[in-house]
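J.: Submitted below is the structure of interest, expressed as structure tokens.
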Amino acid sequence: MSKRPAHKARTVLSRWRLRLAVLALCLLGAATIYVTNILLTERFTESTRNRAEVRLTLYVANLMAELQRNAIVPQLLSRDPALIGALREGDFSLSTQRLLSYVDEIEAASLMLLDSDGRVVAATDRNRLGESFRGTPQFVNAVRSNSTIFTRGQTPQGGSSFVYSRRLTDSATTLGVILVAVDLARIERGWAGVSDAVYVTDSEGTIILSTEPRWRGQAEEDALALEPPSSAIDRALRATEIWNDFPIDAYFRGEAVMRRDQRVPFQGWRMVSFTSYSSVRERVNGVLALEVMGFAILLALLFWFSSRRSATRVAAFERESADLRKLNAALQREIAARKAMERNLQVAEQTVEQTSKLAALGEMSAAVSHELNQPLAAMKTYLAGARLLLQRKRPDETLASFQRIDDLIDRMGAITRQLKSYARKGSDAFEPVDARAAVSSALAMMEPQLKTREVEITRTLPSEPALIHGDRLRLEQVIINLLRNALDATKTATHPRIDVILALGDTVTLTVRDNGTGIEDLTELFEPFYTTKQPGDGVGLGLAISSGIVNDLGGRMTARNGAGGGAVFEVQLPLLKSDLRAAE
């Protein structure tokens, strides 16, 4: 009777889980589509804007190239001997043919030669022969100036004409004027089909070139007002303007467009282009359609999985009773086996614990023997020196040697106390320590051993305090171990040398470098009981203990072989922060 309510409760819970999963999937889909629409709209809009700016820059460059190329033509033709000779002699029978030979080469709209009275005496358009330009700006300004004059005029069709003019002279006498009409309509035709609309305004804001013929001669506001809105499209775009989140600059032919403008470096002209957002919307809608399709597939899979799970749940419930009986019997057997294993495990844990204690005791004994060997060797050297000083009746220096021996005895006591810290972690006894003093003290400790060998010791210390947060005695212990290893490594060197460098930066870095034989195996260098020394010279605990001390101080010890041979040991310790210094 108890299984049926439990099964009913699981069924209700499963239905609620399905509903929550469907709701979560719908919310996730809506959020994903919303965010994707915003991000892709911004991205594609920016891409469209950049392409429009690049295109506009290219248009400006092409326009300036056309203007500059045609500006040189009047200067060249004004020096043509044939044209000058025809004006001087009044014989223009071959002048028109000569201008026709130029027009195709320079790609100008037309060429005209005026005499001193402003009458057209030669022209590529023979219909204009005999016309008078005496009162026109093209003729008047050219006669008054020694340079090429650019003039914009009106064509009979309502467009703009662009003419370069320059006078022809002979011995300071004005013979006539050459007119070169610039074919900017050819560039204007090239704009069509790339952007929605492009136009060029003069310094007064009047449109002089445009892909829309009705805009010529109008201001921008008046030109846009001439475009009748497409009512249905215009209403749809304006209604979805907020949802699209487009920075709409204007409406052209009922579509939202972005406006880009750029200065033309010629007589205050400006070029403006309009680019439609339709491609942006199409690309964004394509991605959104894929996302909607993906979430629809996920929703269908969710319903399919739920129905399949309900069908298999009935069969699983029927098998559950038989499985439970088998499981109960297996659990009984496993409980009995686990009890036996627990009894065996207790015995094994006791054995391992006793073995660990014996191993720790052996390691501690070896460490004490290794660390006490240094002060004992120094005491032996100081006693020999004191005996020699007594024989020479130098009591003051003898007392100094005894004082050093007394310091070494205190150090031996401190070492035995300090070795207790190897079995635990902590920094309760840490205090600000000047690493410079630790280096100097370690070198003083090693002075008796250094005197027995002709070893060149260089010491480089910073002028500022190198403060760390640690234990000075343990830091000295690390430095002494590194110096002893360096001494042993330089036994076979012809000119033994040891460099001790203390540097300040983000960390306090201590470097001990020698010119010995180097390190054979860097992988096992800091492992306990690893040594390359002869039996009796060391047990291989120095570097392992030193590495542990450096780790306790929050630093890191590394080793490598130097470029010129020998070993390089580097100890990096954290620099004592200013706020910690103030607190101390």
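J.: Residues being part of a loop (DSSP other than H, G, I, E, B) and touching a helix residue (DSSP H, G or I) at 6+ places or on another chain (Cβ under 7 Å): count how many of those fall in the stretch 103-114.
T.: The qualifying residues number 1.
J.: Which one is modelled with the lowest pLDDT among residues in the stretch 242-271 that are within 36 Å of the chain's Cα centre (by Cα) and of a type in the set (A, V, I, L, M)?
T.: Out of the qualifying residues, it is I242.
J.: Also, quick follow-up: What pairs can you find where one residue is in the stretch 130-152 and on the phi < 0 side of the Ramachandran plot and of a type outside the set (D, E, K, R), the other is part of a loop (DSSP other than H, G, I, E, B) and buried (at least 17 other Cβ atoms within 10 Å of the Cβ), and their Cβ atoms are less than 6 Å apart, with a gap of 6+ or different chains?
T.: Qualifying pairs under 6 Å: S132/G118; F133/G118; F139/G118; F139/F133.
J.: Something else now. Among the numbered conditions (1) closer than 30 Å to A185 by Cβ; (2) open to solvent by 30 Å² or more (accessible area, probe 1.4 Å); (3) at pLDDT below 80, tell me where T57 comes up short.
T.: Here T57 clears every test but (3).
J.: Can you work out which of the residues in the stretch 192-211 that are modelled with pLDDT of 75 or more and not in a strand (DSSP E or B) is most open to solvent (accessible area, probe 1.4 Å)?
T.: Here the answer is E204.
J.: Which of the residues belonging to the stretch 115-139 are more than 16 Å from S161 (Cβ to Cβ), among the hydrophobic types (A, V, I, L, M, F, W, C) and either part of a helix (DSSP H, G or I) or open to solvent by 50 Å² or more (accessible area, probe 1.4 Å) (or both)?
T.: L129
J.: Can you find a residue in the stretch 409-423 that is β-branched (V, I, T), part of a helix (DSSP H, G or I), modelled with pLDDT of 80 or more and out of contact with any Asp or Glu (no Cβ under 7 Å at 6 or more places or on another chain)?
T.: yes
J.: Before we move on, is L111 under 26 Å from V143 (Cα atoms), surrounded by fewer than 15 Cβ atoms within 10 Å (Cβ to Cβ) and over 54 Å from the mean Cα position of the chain (by Cα)?
T.: Against the criterion (under 26 Å from V143 (Cα atoms), surrounded by fewer than 15 Cβ atoms within 10 Å (Cβ to Cβ) and over 54 Å from the mean Cα position of the chain (by Cα)), L111 does not qualify.
J.: Still on this structure, I have one more. What are the pairs, 6+ residues apart or on separate chains, where a residue within the stretch 378-391 that is within 14 Å of L408 (Cβ to Cβ) has its Cβ under 9 Å from a residue that is open to solvent by less than 30 Å² (accessible area, probe 1.4 Å) and polar (S, T, N, Q)?
T.: Going by the 9 Å Cβ cut-off, the qualifying pairs are Y382/S401; L383/S401; G385/T398; G385/S401; A386/T398; A386/S401.
J.: Moving to a separate point now. Pick from the stretch 140-173 the residues that are open to solvent by 70 Å² or more (accessible area, probe 1.4 Å) and of a type in the set (D, E, K, R): which of them is modelled with the lowest pLDDT?
T.: R152
J.: Right, another one. Somewhere in the stretch 515-529, is a residue under 16 Å from I479 (Cβ atoms), modelled with pLDDT of 80 or more, touching a strand residue (DSSP E or B) at 6+ places or on another chain (Cβ under 8 Å) and not in a strand (DSSP E or B)?
T.: The answer is no; no qualifying residue exists.
J.: Scan L467, L487, L450 and give me the residue that is under 22 Å from R556 (Cα atoms) and not hydroxyl-bearing (S, T, Y).
T.: Going through L467, L487, L450 in turn, just one is under 22 Å from R556 (Cα atoms) and not hydroxyl-bearing (S, T, Y): L467.
J.: In the stretch 483-498, which residues are open to solvent by 20 Å² or more (accessible area, probe 1.4 Å) and outside any loop (DSSP other than H, G, I, E, B)?
T.: R484, N485, D488, A489, R497
The values are calculated or read from the model by the stated rules, or taken from the named source; none is laboratory data. No experiment lies behind these values; they were computed from the predicted model shown. Note: ideal-geometry Cβ built from the backbone for every residue, glycine included; neighbour counts use all protein chains shown. To get the accessible areas, we keep the full protein, side chains included, count just its heavy atoms, and leave off ligands, DNA and RNA. Shrake-Rupley method; radii C 1.70, N 1.55, O 1.52, S 1.80 Å.
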